[in-house]
Amino acid sequence: MGQHKLIFTGPVGAGKTTAIASISDDPPVRTDEAATDMTKQRKPETTVALDYGVMHLPGEEKLHLYGTPGQERFDFMWDILSTGGIGLMVLINNNRPDPLKDLCFFLQRFETLIKSTAVVIGITQTDLKAEPCLQQYHKVLNKMNIRAPVFEVDARSRNDVSLLVQALLFSLDPGLSLELEDKDGKLETA
Amino acid sequence: MNTEQALKINIPGSNNTLVTIVKAFVRQRYNLVEDDQADICIIDLDAYKANSLLDEIRKQHPVRPIIGLSLNEVAHDNIVFLKKPFRPDDLTQVLDQVSLKINQPKVIVADKIVGSIHRAATAVIEKSADKNRHVAHHGVTNRSDSVHYNPAEFLQGALINAYCQSIDTGITHRMEAWWNPIIIFPKIKKVWVDADDKNLQAFCRLPLKTFARYQAHDRDVANEVKIQPEPMLNTDDCPGSLQSMDAFLWKVAWWNAGGQLPLGIEHDQLIQLKYWPNITRYLCPDHVVQMCAILYQRPVSPLQVSEVLNIEHKEVYGFISAAHALGLINSIEDQPMKSSRLSESTKPVAKRHNVGLLRRILSRINRR
Ligand SMILES: Nc1nc2c(ncn2[C@@H]2O[C@H](COP(=O)(O)OP(=O)(O)OP(=O)(O)O)[C@@H](O)[C@H]2O)c(=O)[nH]1
Ligand SMILES: [Mg+2]
């Protein structure tokens, strides 16, 4: 019975808790609390420890979905959570004061995990604030020398979150076939 | 529309007196027609319920010019005002002005640009390999080689021109190309068209000149695409939903391609995606995510993509055409194709995760 982890990270209000809830098979475990201080000005609840959800895979296998708490004062949790992750999902809240800076921050903070696996970036809340646009994110990534999928995501939409997960899986292995899932995991790429 | 052709006027609301007057005043120069075929509306602003009538016309025909008649000076957005009483000359003068506005700017601008795209496309064909040489000989219409389509001959080419003009000037533009008008709002990056996707897809199947042939008797008009500024128009004038400019162009190009590649991209040429398209907001049939991943990771040829994914060429070519229309494709020209083996081009990034696991996650996340 395999245990695998998928990590969701990003700033306060990026939609980590919501995204995990939208694809988790079991009701997600939340550690949201009434937000205090600065965070409260933007949202009533924030995650203080971690988010947890799970996807049951064929053959008793599980994919654990972990969300890091957005507030930086909990960042001691981040390394513990991300060790052994199959890849990183970064959600960026476009409705924050400087989302491009947020992106840099999270990519640098999770550099080790990104280097050994793959990263995808979902920009949320673009319906509330359209700028910065995707081109501006592309520029930042170019500067940081990181090639990664980046597109708009509404964390409330299962379809959007699913596409982001698929982008991660195909980035890890573009030859992955959609057809015929194999029971014993022996199949190789075409 | 042809300047020589008589402009069609509609007088909405059952105002018989006005109809008689206008008929008498304009004589043969303009035709009075039913609502649906009209180029211009004339409306009596002093009439009972004139305002609701005006709203109704705006809703149904957001871009149709309106001439408003009134005893008092009235300032309505987007209406050409004519004070009552007026003489025949006053009316024809106003009509002539409006008709000039409808007809003039677009023909010159649009034809020039379409022409330059045609020339560019011709140059591309002439430059390309032997197998295409006979195509160049027969002109730019190379549907015959069955691998390529020429974006300039389709809605895609006209739309890109309209986008360019609109973005360059920052002004709302209207484009007409033998179909429903398309309104472009460059500041909010949205387009409006009064048609659903089924309609649009059907229209996208054929080159524009096919429609022109059906609708125009005059050969000069046959290439005409109208692109004109509509500075007065705002989104409130457009009932229904707006679409993002990118998402709209993406699907138009995909459907225009009809499973072929745009001129200038060969099926065995190495290409690469500059960025991932905004897939959650675009038309996204099966295999799009895989195609993005493969084409983003390293240079591959369109043929290789279809081999690796074991999917039909036309699916891959449609995707590449759409991405190409948005400027997302880089051509890697000087690299010989042999250097990139199939196996190399799809090497997993992280080998330590077994393929089986990723596949099981995929099958799980795909289930709706
Ligand atoms: N309008 C809009 N709302 C969104 C979008 N994505 C997520 N949300 C909402 O944004 C709010 C914040 O989402 P959360 O999931 O709590 O964000 P979080 O990343 O867990 O935030 P922290 O726990 O504070 O770090 C929720 O009310 C979501 O429903 C989006 O794309 N558009
Ligand atoms: Mg949370």
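Values quoted throughout were computed directly from the atomic coordinates according to the rules given, and no laboratory measurement underlies them. These figures come from a predicted structure and were not determined experimentally. We place every Cβ from the backbone using ideal geometry, glycine too, and count neighbours over all the protein chains shown.
Annotation: extensible slack from B:ASN180 through B:SER146 equals 9.4 nm (criterion: 0.36 nm per residue apart, minus Cα-Cα distance).
Couplings 3J(HN,Hα) of region B:79-90, computed from phi: 10, 8, 8, 10, 7, 8, x, 10, 9, x, 4, 4 Hz, in residue order, whole Hz [Karplus 6.51 cos²θ - 1.76 cosθ + 1.60, θ = phi - 60°; x for Gly and Pro]. What net charge do the residues around A:PRO132 carry, taking every other residue with its C-beta under 12 Å from that of A:PRO132, with Lys and Arg at +1 and Asp and Glu at -1? The answer is 0. Sequentially through region B:172-185, phi angles give Karplus couplings (6.51, -1.76, 1.60; θ = phi - 60°) of 4, 10, 10, 10, 10, 9, 6, 8, 4, x, 10, 9, 10, 10 Hz, Gly and Pro residues having no value and appearing as x.
State the extension gain, in nm to one decimal, for the chain segment bounded by B:ASP96 and B:LYS187, taking 0.36 nm per residue of separation less the distance between their alpha-carbons.
29.6 nm
Shielding by partners for peptide A:157-170, expressed as the average number of C-beta atoms from other protein chains within 10 Å of each residue's C-beta, is 6. Taking a point 7 Å out from the Cα of B:GLN201 in the direction of its Cβ, the residues of region B:244-260 whose backbone N falls within less than 16 Å of it are B:248-260. Peptides B:296-305, B:162-171 ranked from most to least packed by the mean count of surrounding Cβ atoms within 10 Å: B:296-305, B:162-171. Computing FRET efficiency as 1/(1 + (r/R0)^6) for B:THR20 and B:MET232, where r is the C-beta to C-beta distance and R0 is 30 Å, gives about 0.50. Relative contact order, whole percent, for region B:7-103 stands at 25, derived from Cα pairs under 8 Å and 6 or more residues apart. Packing order of peptides A:149-155, A:130-136, A:109-115, highest average first: A:149-155, A:109-115, A:130-136 (average count of other Cβ atoms within 10 Å over each peptide's residues). Rounded, prolate or oblate, given the Cα gyration tensor of region B:7-103, with a/c below 1.5 counting as rounded? Taking the square roots of the gyration eigenvalues as a ≥ b ≥ c, region B:7-103 is rounded.
Paramagnetic label reach from A:VAL29 (point 7 Å along Cα→Cβ; backbone nitrogen cut-off under 15 Å): within region A:54-68, residues A:54-55, A:63-68. Work out the FRET efficiency for B:LYS274 and B:ASN354 from their Cβ-Cβ distance, taking R0 = 30 Å, and round it to the nearest 0.05. Once the sixth-power term is evaluated, E becomes 0.45.
Provide a whole-number value for the mean count of partner chain Cβ atoms within 10 Å of the Cβ atoms in peptide B:281-292.
Mean number of neighbouring Cβ atoms from other chains: 4.
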